[in-house]
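Note sheet for the following structure.
What follows draws every value from the coordinates through simple rules; no lab data is involved. Everything numeric in this text was worked out from a predicted model, so none of it was measured. Backbone-built Cβ (ideal geometry, glycine too); neighbour counts: all protein chains shown.
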Amino acid sequence: MNTVFLPAPGAAVPVVGTSAQFPVHRIYCVGRNYLEHAKEMGQSGREPPFFFMKPADAVLVAEPGCVTPLPYPSLTKNLHHEVELVVAIGTGGKNIAVDQAEKHIFGYAVGLDMTRRDLQNDMKAQGRPWCIGKGFDHSAPIGPITPKAAAGDINHAAISLQVNDAMRQHSTVEQLIWNIAETICQLSAAWELQPGDLIYTGTPAGVGAVVPGDTLKGSISGLTGIELKVV
Ligand code: MN
């Protein structure tokens, strides 16, 4: 293709057990998908899932065994952590039935849905889009993707986040209001999923602020953990 400038290399995430990378197509995120977090954000009950997106190049790969620098973003005074199970789609589709959803999954990773909470809340109050609060550069840290066959019983995995070695978020994936298959079903009714899509499935209770110098450790049992330092 003849292009007027060189296109940027696409975002990609390492895959556990191979040198091949997972090329990222889109990043979808689920809002308020754990009951205790929905409560802390002012909601109650099982409302229908809702979605937002981040640009694919918001991915920040956290290499195993390293402390990855996480740049503190501009404009905010309230950068929040949200640890999340990330589902990596390997086979696309639309209107995917709940009992067919598992076939579309390539694997899973630990991710962070970093949030400029003050800007998100400003936009919410004005009825405006959340993009500035959610879709900024480096807002989607992620660890290597574990292929689903190697990930164990992900629906019952423990999920946690520590900041400076203090536990901030701790739950299990079975506490999801909309589980992985239901999320894929609902999401694929709104968008045709493609290989390379990542789904950040929502965060448990305990979200809070981090500042430069803080170290974040995200863990999900069966997956490779991540460690980042806010700089
Ligand atoms: Mn989130």
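Structure above, values below:
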item: Packing-based ranking, highest mean first, of 213-222, 122-131 given that Cβ atoms within 10 Å are counted; result: 213-222, 122-131
item: Paramagnetic label zone (point 7 Å from Cα along Cα-to-C-beta, Phe51; backbone N under 16 Å) in segment 176-195; result: 178-195
item: Highest-first arrangement of 98-108, 71-81, where packing means the average Cβ count within 10 Å; result: 98-108, 71-81
item: Kirkwood hydrodynamic radius of the chain, Cα pairs, Å; result: 17.7 Å
item: All-pairs Cα distance distribution in segment 178-220, expressed in whole percent, bin size 5 Å; result: 5, 14, 22, 17, 13, 12, 11, 6, 0
item: Interchain or long-range residues, amide H under 5 Å from Ala11's placed H; result: Val24
item: Segment 122-231 shape via C-alpha gyration tensor axes, a/c threshold 1.5; result: oblate
item: Residue exposure sequence - Met53, Met41, Met114 - by fewest surrounding Cβ within 10 Å; result: Met41, Met53, Met114
item: Linear extension gain, Asp122 paired with Trp191, 0.36 nm per residue minus alpha-carbon span; result: 22.1 nm
item: Inter-centroid distance (Cα atoms) of segment 172-231 relative to segment 77-111, Å; result: 8 Å
